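Below: one structure, written as structure tokens.
Just so you know, all these numbers are worked out from the coordinates, no wet-lab data involved. What you see is a predicted model; the values in this text were computed from it and never measured. Cβ: placed from backbone, ideal geometry, glycine included. Neighbour counts: every protein chain shown.
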Amino acid sequence: MSECIFCKIVNGDIPTNKVYEDDKTVAFYDLNPQSPTHILIIPKEHIPSANYIDENNSDLISHIFVAIKNIAKEKGLDKQGYRIVNNCGEFGGQTVEHIHFHLLGGRQLQWPPG
Ligand code: 5GP
Ligand code: ZN
């Protein structure tokens, strides 16, 4: 059995507050929110990080971005705006090695991110 916590969420072994699900992706609220709305969007397939995006899975990544845009609209973030974040590897601050995109909104976000 996979030890990956996001694979466990996909399989239903760890309960989450799901926002969206289809055959390829799941979205759920982050356990430790950094903004009033903080949602994680992940592929059901285990892809470790952005380093593993290639021609074979780029359609899946595109699909996820369409889902993110739809979720942002559904949550009322589209007019004021939001941020989509992917942390990759140690210097990127990635802590879960199953690719995921953060959807952050509901407050003014600062730049640079630090
Ligand atoms: P990273 O730091 O890898 O970009 O983001 C991982 C995110 O996953 C963090 O924001 C963290 O709060 C969130 N997270 C870690 N474990 C769980 C969990 O079991 N459930 C949920 N909903 N979020 C989690
Ligand atoms: Zn995984």
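With angles folded into 0 to 90 degrees, how steeply does helix 58-74 sit against the dominant principal axis of the chain? Use alpha carbons for both and round to 10.
Approximately 40 degrees, to the nearest 10.
Provide Arg83, Arg107 in ascending order of the number of other Cβ atoms located within 10 Å of each residue's Cβ, fewest first.
Ranked by crowding around the Cβ, least crowded first: Arg107, Arg83.
Sum -39500 (n - 2.57) across every DSSP H segment of at least 4 residues in the chain, then divide by the residue count to get the 222 nm mean residue ellipticity, nearest 500.
Computed mean residue ellipticity for the chain: -7000 deg cm²/dmol.
Let's test the formula: R0 of 25 Å, r as the Cβ-Cβ distance of Asn51 and Lys18. What FRET efficiency results, to the nearest 0.05?
With a Förster radius of 25 Å, E is 0.40.
Quick one: if the Förster radius is 22 Å, what FRET efficiency do Cys88 and Tyr29 give, using the C-beta to C-beta distance and rounding to 0.05?
The calculated FRET efficiency here is 0.50.
If pairing requires two Cys Cβ atoms under 4.7 Å apart, which cysteines of the chain are left without a partner?
Unpaired cysteines in the chain: Cys88.
Going by how many other beta carbons lie within 10 Å of each one, how would you line up Lys79, Lys18, fewest first?
Lys79, Lys18
What number, in percent, do you get for the relative contact order of the chain if the mean sequence gap of Cα pairs under 8 Å and at least 6 apart is divided by its residue count?
Relative contact order here is 30 percent.
Mind giving me the FRET efficiency for Ser2 and Glu74? R0 is 25 Å, r the Cβ-Cβ distance, nearest 0.05 is fine.
In this case the efficiency is close to 0.25.
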